[in-house]
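Reviewing the structure listed below.
Bear in mind these aren't lab numbers, they're just calculated from the coordinates by the rules spelled out. Values in this document were obtained by computation on a predicted structure and should not be read as measured data. Note that we place each Cβ from the backbone using ideal geometry, even for glycine, and neighbour counts take in every protein chain shown.
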Amino acid sequence: MPVDQRFGGGSLTFPGYGKGYVYRMLLSDQQGQIAVCGAGYFQDASSAVGVRRLLRQAEVRINGRKVVRDLSFFSQVRSEAALEVGPANCVMTGFPTPISEDVDVDVKFPSGFVRF
C-alpha cells in the first residue's frame, strides 16, 4: 500500500541524540478487519539495532485493547522524504473494524534506553 495523506506520523527521539526513527502509520478497514500499515526511516545506522528492539516491543491499542504487538514489519525507506510516497507494509489484526468512528488509538513504545 502506498503511503498517502491518510497516514499519521510519529518519531522516536532520544535525549542527547535527537530523532532515531521517523514513521508513518495508518489503521484501515480491510474486509471488516483492522489492518495496521506503516513505513519508517532510520535516521542513521547507529540507531537501527536499538530502535528495532523497541519496534519489536511496541504496541498499537484501540480503546485500550492491544491489537498489534511488534511494529518491526513496517517497510523501511531510504530517506525521510520517501516516507511521504513510499510503500507501507500491512498486517491484519484479526480484530473487527469498530462501527463507531469515535475510537482512541495509542501507539505504546517500551520505556528504557537504547545503546548507540
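Things worth noting here:
- Pick from the stretch 55-64, criterion touching a Ser or Thr at 6+ places or on another chain (Cβ under 9 Å) and surrounded by 15 or more Cβ atoms within 10 Å (Cβ to Cβ), ranking: farthest from residue 94 (Cα to Cα): 55
- Counting only residues that are touching a Gly at 6+ places or on another chain (Cβ under 6 Å), buried (at least 19 other Cβ atoms within 10 Å of the Cβ) and over 20 Å from residue 82 (Cα atoms), the stretch 1-53 holds 0 of them.
- In the stretch 5-34, the residues that are free of Cβ contacts under 8 Å to residues at least 60 places away in the same chain reach residues that are among the aromatic types (Phe, Trp, Tyr) and assigned to a strand (DSSP E or B) with C-beta atoms within less than 8 angstrom, at least six apart or across chains, in these pairs: 11/21; 11/23; 21/41; 21/42.
For every residue, the table says whether it meets (1) out of contact with any His (no Cβ under 7 Å at 6 or more places or on another chain); (2) of a type in the set (A, V, I, L, M); (3) farther than 18 Å from residue 110 by Cβ; (4) free of Cβ contacts under 8 Å to residues at least 12 places away in the same chain.
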| residue | (1), (2), (3), (4) |
| --- | --- |
| 36 | yes, yes, no, no |
| 48 | yes, yes, no, yes |
| 72 | yes, no, no, no |
| 83 | yes, yes, yes, no |
